[in-house]
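Below: one structure, written as structure tokens.
No lab work stands behind these numbers, since they all come straight from the coordinates. Note that the structure is predicted; figures quoted are calculated from it, not measured. Positions of Cβ are backbone-derived with ideal geometry, glycine not excepted, and every protein chain shown enters the neighbour counts.
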Amino acid sequence: MPHAVGTTYLNATKKSLHKYAAGNLFLVGIIRDITKSKRAEQELRQAAAELTRANTELRLSEDRLRYLAYHDALTGLGNRKQFHESLNQTLECARSNNQLVALMFLDLDGFKQVNDTLGHDTGDQLLIVVAQRLTNSLRNSDIVSRLGGDEFTVILPRIHQADYAEKVAQKILNALSQVFVLEGKNVFVTVSIGISIYPLDGEVEETLIKSADVAMYRAKQLGRNQHQFS
């Protein structure tokens with residue numbers, strides 16, 4: 001109820017009916033001021049709501065930081081850190097299940113010329129579209145990463161034979177050899193691909209990486225726009 005000077009108080013009332021010895025009834029009412037307790041409850045609810053909101057914001061911040069730690073900021077692909085962890089996990093699974101794994105190292109042919117003649121913004125746009133075409137060329141279970149610059153990797157887990165990697169490599173070559181239309185300009189690049197197979201070319205991460213990298217440089221030396229096995 002409002003006070004005479006405008007302050008509002010909260011009251012709790014309790015009524016009970018009683019009877020005199022003579023049989024007459026009378027009503028007893030008790031009024032209790034609960035203003036402080038109700039304000040305390042409200043403050044507690046507000047504090048709980050603020051704590052929940054703060055925890056939600058903290059969790060979102062942690063998720064964002066975790067995403068940034070494992071993904072390339074430009075293309076959204078996995079970065080070098082995620083690549084190494086993914087390859088390690090894939091190889092562990094392959095060892096346990098006696099499976100083949102293909103590792104591809106990819107390097108764009110002519111990317112430096114695009115940067116030099118059309119500018120870094122166009123080069124960045126090119127990398128974004130390359131990432132999209134790579135992803136569209138693969139299964140959902142395959143893992144594509146950007147190591148940096150114009151270097152990409154692809155992990156093909158659980159393949160039945162090495163020939164499958166060759167089919168995927170050719171699919172990638174075809175996808176990336178198509179014209180890129182960037183800001184109204186036709187841009188052409190190709191890609192050189194090196195491939196190593198677990199366990200045929202090595203059983204540990206370092207060996208497979210080195211073998212795929214060497215094979216990729218051999219593809220460049222032999223004329224680019226092709227794939228080479230280790």
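Here are a few things to note about the model shown:
- Rotationally averaged projected area of region 80-229 (alpha carbon convex hull; nm²): 8.4
- Packing-based ranking, highest mean first, of 106-115, 137-146 given that Cβ atoms within 10 Å are counted: 106-115, 137-146
- Between 0 and 90°, nearest 10: helix 163-177 axis offset from the chain longest Cα axis: 80
- Taking other Cβ atoms within 10 Å as a rough exposure proxy, E151, E43 sort from fewest to most as E43, E151.
- Placing pseudo-labels 7 Å out from each Cα toward the beta carbon at V179 and E205 gives an inter-label distance of 4.3 nm.
- Sorted ascending by nearby beta carbons within 10 Å, beginning with the fewest, F229, F188, F83 become F188, F229, F83.
- Between helix 205-221 and the chain: long-axis angle, C-alpha atoms, 0 to 90°, nearest 10: 50
- FRET efficiency estimate (nearest 0.05) - Cβ-Cβ, N140 to T52, R0 45 angstrom: 0.80
- Likely footprinting exposure, H120, H84, fewest C-beta neighbours within 10 Å first: H120, H84
- Angle in degrees between helix 80-97 and the longest Cα principal axis of the chain, rounded to the nearest 10: 80
- Using R0 = 41 Å, the C-beta based FRET efficiency linking T35 and R66 works out to 0.30.
- Listed residues S177, Q125, M104: farthest to the positive end of the dipole of the chain (Cβ charges): Q125
- Cβ charges +1 (Lys, Arg) and -1 (Asp, Glu), total dipole of region 114-182, debye: 380
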